[in-house]
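Just so you know, all these numbers are worked out from the coordinates, no wet-lab data involved. Treat the numbers as computed from the prediction; the structure is a model and nothing was measured. Using ideal geometry, Cβ is built from the backbone for each residue, glycine included, and neighbour counts are taken over all protein chains shown.
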Amino acid sequence: MHKCLVEICQEFETIENFLTKPNEKNNELVNSLFSDFMECFPLIKEEKLTYPKEFIHDVSLFNEGNFMLVKKFQDVQMRYLMLSDFYDYARLTKKYKKA
């Protein structure tokens, strides 16, 4: 797995109780990780083809400025859920192993 995605997964593991006890620190971290993901994912070339088409599609449309995707991901909880889906996928497929 590409280094930038590994780093995102490692940082994602530090988030605790995001949905049950929201706080500004977690919101800032999720926003930062989401931005990093949106910048990193398009750069991984062939590797991204091994990921579900939903990730490829959402990242592509978001980065193109698609109104509905941009609006959807203005919500920090939606950003968190997308990162959580990616993290879970990476763990389940053993692309990422917890350090």
Handout entry: Check: the chain dipole with +1 on Lys, Arg Cβ and -1 on Asp, Glu Cβ, in debye
Key = 300 debye
Handout entry: the chain - percent relative contact order, Cα under 8 Å, separation 6 or more
Key = 36 percent
Practice task
Considering the options N26, I8, Y96, tell which one lies farthest towards the positive end of the dipole of the chain, charges being +1 on Lys and Arg and -1 on Asp and Glu at the Cβ, about the Cα centre.
Solution key: Y96
Problem - Helical segments meeting 20 Å axial Cα length and Kyte-Doolittle -1.0 threshold in the chain (DSSP H) - result: 24-40, 76-92
